[in-house]
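Encoded as structure tokens, the structure appears first; notes follow it.
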Amino acid sequence: MTDKKAAIDAGWNFDNSYAGLPDSFFTKQDPTPVRSPKLIVFNERLATTLGLNAQALQSDEGAAVFAGNQIPEGAFPLAQAYAGHQFGYFTMLGDGRAVLLGEQITPQGERMDIQLKGSGRTPYSRGGDGRAALGPMLREYIISEAMHALGIPTTRSLAVVTTGQPVTRERDLPGAILTRVAASHLRIGTFQYARGAGTIEDLRTLADYTLERHYPEVDPGENRYLSLLKEVIKRQAALIAKWQLVGFIHGVMNTDNMTLSGETIDYGPCAFMDTYDPDTVFSSIDREGRYTYGNQPYIAAWNLARLAEALLPLLHEDEEQAVKLAEDAITQFNKLYHQHWLAGMRAKLGIFNEEQQDEALIKDLLTMMQNYRSDYTNTFRALTFDKPEDTALSGTTEFATWVEQWQARLGRQQESKASSQELMRSSNPAVIPRNHRVEEALEAAEKHGDYSVMERLLDVLSKPYAHSPEQAEYSTLPELSTRPYRTYCGT
Ligand code: AMP
Ligand code: MG
């Protein structure tokens, strides 16, 4: 039986604005209770910023809430409807294994979605069991928290509970539920759903809701739906540039996995690139390499074009005009993305001002890195600490020439060498969640119930720009035998 009220005052302060949207956007859905919930990872710091009582939640009652066995007061659990292009093909989807408990209003007045992922079947489950396995939920926890620490907009992870029930995949795996925190779960796919399954009025209601929630500064008098499109394009251009700058590969950039808020969402077969190669792809299900590292900016633009299409009836009453407005907006993505990327790359090389040849300098380095199979993160780290000899490029004349050019370039700006190094330290992470380290942490947890490996990893990843001595061992590369790395879809 689901006990409707949690006994503890955990600080829940729910509002349920999403439930005020037209009925077609969701189905009221309680989580399905599980056998024996056990809280295994809990994000105390995040809980506190959400206004939650971290101590009260680290209890049996807390575990019951994060497992969906108890519904906290004020929550209104629902599964969201959405559609999406998956690997280019349009499908009706929806939360097949997640429920939104509600929106926690934080002490700072922010509105954050609290979602349970792996909480049982919903009307959108299609053939799925509505459940999630421990490994993928821990993986999402580690990588989303690492992304946050790297300064990249992302959904967060509040807790993972094990359910005491196995989930059947290729074999039986321990079941788990992740509590995800997001600015919202509004996706490009939510708009595609509204366009495909609802009325124009529903679409307008959704767009107004999104504007109010994420872009309150937009002038309601102007063409506000065009402004919405432009603002989402801006945020996504900034986001994807940040991914590229740290070597993050999302793995499943389907339109249902792209948010309107500009946060990274849905960590499935994602991974960080070790060796620099634009063709890097990790996901075992991405056989055609649609979502390679190098393709991510193009795919983002393609996905945003799907958002633009969904918004067309709101952009202009004349269809031709609407298409023209949408196209002009989409064209901006490449320009904006490139500006962010170039600014970020300059910072990675300690460059403050702008010179025409900077892009050539950056591209020359990347080309060498690709040809000599250099580690992406460690190459920039070595340059940060003035140790070009520590890179795989060292010993080649072309690299020696490049270093000279780079040094000359730094000499042509006013800022001191020390300021350059400071800029590089804060732009080049000492550590990223390296695949072999993530796997090691997951294995210890899954096989031996040992969470200490993961806790240590999370600690190191929480200060990626610290460049502290204890981080050194986390920057070593995987054994050659573990390559090529493959990630499997987190279902
Ligand atoms: P994802 O690949 O995580 O973005 O999920 C794509 C779609 O499949 C979403 O609609 C999910 O809710 C759904 N889905 C994934 N795994 C399951 C599952 N085990 N049971 C039901 N639905 C699922
Ligand atoms: Mg998804």
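The values are calculated or read from the model by the stated rules, or taken from the named source; none is laboratory data. Model, not experiment: these values are computed from the prediction. No Cβ is skipped: glycine too gets one built from the backbone with ideal geometry, and neighbour counts run over all protein chains shown. Areas reflect the complete protein model, heavy atoms only, side chains present, ligands, DNA and RNA absent. Shrake-Rupley method; radii C 1.70, N 1.55, O 1.52, S 1.80 Å.
Checking D60, D9, D23 one by one, the residue that is over 22 Å from R139 (Cβ atoms), open to solvent by 40 Å² or more (accessible area, probe 1.4 Å) and in contact (Cβ under 8 Å) with a residue 24 or more places away in the chain is D9 and no other.
The one condition from (1) exposed (fewer than 13 other Cβ atoms within 10 Å of the Cβ); (2) within 24 Å of L150 (Cα to Cα); (3) of a type in the set (K, R) that R412 does not meet is (2).
Using the structure shown, decide if I265 is open to solvent by less than 10 Å² (accessible area, probe 1.4 Å), within 16 Å of ligand 1 (Cβ to nearest atom) and within 17 Å of the chain's Cα centre (by Cα).
Numbers: open to solvent by less than 10 Å² (accessible area, probe 1.4 Å): yes; within 16 Å of ligand 1 (Cβ to nearest atom): yes; within 17 Å of the chain's Cα centre (by Cα): yes.
In short, yes.
Of everything listed in (1) touching a helix residue (DSSP H, G or I) at 6+ places or on another chain (Cβ under 7 Å); (2) buried (at least 16 other Cβ atoms within 10 Å of the Cβ), the single unmet condition for Y293 is (1). Regarding segment 442-461, can at least one residue be identified that is surrounded by 17 or more Cβ atoms within 10 Å (Cβ to Cβ), free of Cβ contacts under 8 Å to residues at least 40 places away in the same chain and of a type in the set (D, E, K, R)? There is no residue in segment 442-461 that is surrounded by 17 or more Cβ atoms within 10 Å (Cβ to Cβ), free of Cβ contacts under 8 Å to residues at least 40 places away in the same chain and of a type in the set (D, E, K, R). Counting residues in segment 269-285 that are away from ligand 1 (no atom under 16 Å from the Cβ), over 18 Å from F87 (Cα atoms) and of a type in the set (V, I, T) gives one or more. In summary, D202 fulfils each of the numbered conditions (1) away from ligand 2 (no atom under 16 Å from the Cβ); (2) surrounded by 21 or more Cβ atoms within 10 Å (Cβ to Cβ) with the single exception of condition (2). The single condition from (1) of a type outside the set (D, E, K, R); (2) touching a residue at least 40 places away in the same chain (Cβ under 8 Å); (3) assigned to a strand (DSSP E or B) that Y141 fails is (3).
Could you please let me know if T155 is within 16 Å of ligand 1 (Cβ to nearest atom), open to solvent by less than 10 Å² (accessible area, probe 1.4 Å) and under 30 Å from M424 (Cβ atoms)? Break it down stepwise before answering.
Working: within 16 Å of ligand 1 (Cβ to nearest atom): yes; open to solvent by less than 10 Å² (accessible area, probe 1.4 Å): yes; under 30 Å from M424 (Cβ atoms): yes.
Spelling it out, T155 is indeed within 16 Å of ligand 1 (Cβ to nearest atom), open to solvent by less than 10 Å² (accessible area, probe 1.4 Å) and under 30 Å from M424 (Cβ atoms).
Total residues in segment 173-198 satisfying the condition of being away from ligand 1 (no atom under 14 Å from the Cβ) and over 15 Å from the mean Cα position of the chain (by Cα): the figure is 7. Residues that are free of Cβ contacts under 8 Å to residues at least 60 places away in the same chain and assigned to a helix (DSSP H, G or I) were ranked within segment 37-55; the one that is surrounded by the fewest Cβ atoms within 10 Å (Cβ to Cβ) is R45. Scan segment 170-199 for residues that are closer than 22 Å to G68 by Cα and open to solvent by 30 Å² or more (accessible area, probe 1.4 Å) and the total you get is 3. If only one of L203, L245, L211, L228 is touching a residue at least 12 places away in the same chain (Cβ under 8 Å), more than 15 Å from ligand 1 (Cβ to nearest atom) and touching a Gly at 6+ places or on another chain (Cβ under 6 Å), which one is it? The unique qualifying residue is L245. Residue-level check: of (1) surrounded by 22 or more Cβ atoms within 10 Å (Cβ to Cβ); (2) within 19 Å of D60 (Cα to Cα), P136 misses just (2).
Going through G130, G74, G84 one at a time, which residue ends up being in a loop (DSSP other than H, G, I, E, B) and within 22 Å of the chain's Cα centre (by Cα)? Explain how you work it out, then say what you get.
On the way: G74 fails: within 22 Å of the chain's Cα centre (by Cα); G84 fails: in a loop (DSSP other than H, G, I, E, B).
That would be G130, the only listed residue that is in a loop (DSSP other than H, G, I, E, B) and within 22 Å of the chain's Cα centre (by Cα).
Within segment 79-117, being in contact (Cβ under 8 Å) with a residue 60 or more places away in the chain, of a type in the set (F, W, Y) and away from ligand 2 (no atom under 11 Å from the Cβ) holds for F87, F90. The condition (being within 27 Å of T255 (Cβ to Cβ) and either modelled with pLDDT under 95 or more than 16 Å from ligand 2 (Cβ to nearest atom) (or both)) is satisfied by just one residue among G120, G74: G120.
Which residues, counting only those in segment 415-435, are in a loop (DSSP other than H, G, I, E, B) and open to solvent by 50 Å² or more (accessible area, probe 1.4 Å)?
Matches in segment 415-435: E415, S416, S426.
Look at T106 and say whether it is over 30 Å from I299 (Cβ atoms), open to solvent by 30 Å² or more (accessible area, probe 1.4 Å) and of a type outside the set (A, V, I, L, M). Break it down stepwise before answering.
On the way: over 30 Å from I299 (Cβ atoms): yes; open to solvent by 30 Å² or more (accessible area, probe 1.4 Å): no; of a type outside the set (A, V, I, L, M): yes.
Judged against the criteria, T106 is not a match.
Any residue at all in segment 251-260 that's away from ligand 2 (no atom under 16 Å from the Cβ), out of contact with any Ser or Thr (no Cβ under 6 Å at 6 or more places or on another chain) and not assigned by TED's automatic domain parsing to the domain that holds L138? Checked against the condition, which is being away from ligand 2 (no atom under 16 Å from the Cβ), out of contact with any Ser or Thr (no Cβ under 6 Å at 6 or more places or on another chain) and not assigned by TED's automatic domain parsing to the domain that holds L138, segment 251-260 yields no hits at all.
Quick check: anything in segment 272-279 of a type in the set (F, W, Y), outside any helix (DSSP H, G or I) and in contact (Cβ under 8 Å) with a residue 40 or more places away in the chain?
First, the residues of segment 272-279 that are of a type in the set (F, W, Y): 272, 276.
Remaining after also requiring outside any helix (DSSP H, G or I): 272, 276.
Add one more test, that the residue is in contact (Cβ under 8 Å) with a residue 40 or more places away in the chain, and what stays is 272, 276.
Yes, segment 272-279 contains a residue that is of a type in the set (F, W, Y), outside any helix (DSSP H, G or I) and in contact (Cβ under 8 Å) with a residue 40 or more places away in the chain.
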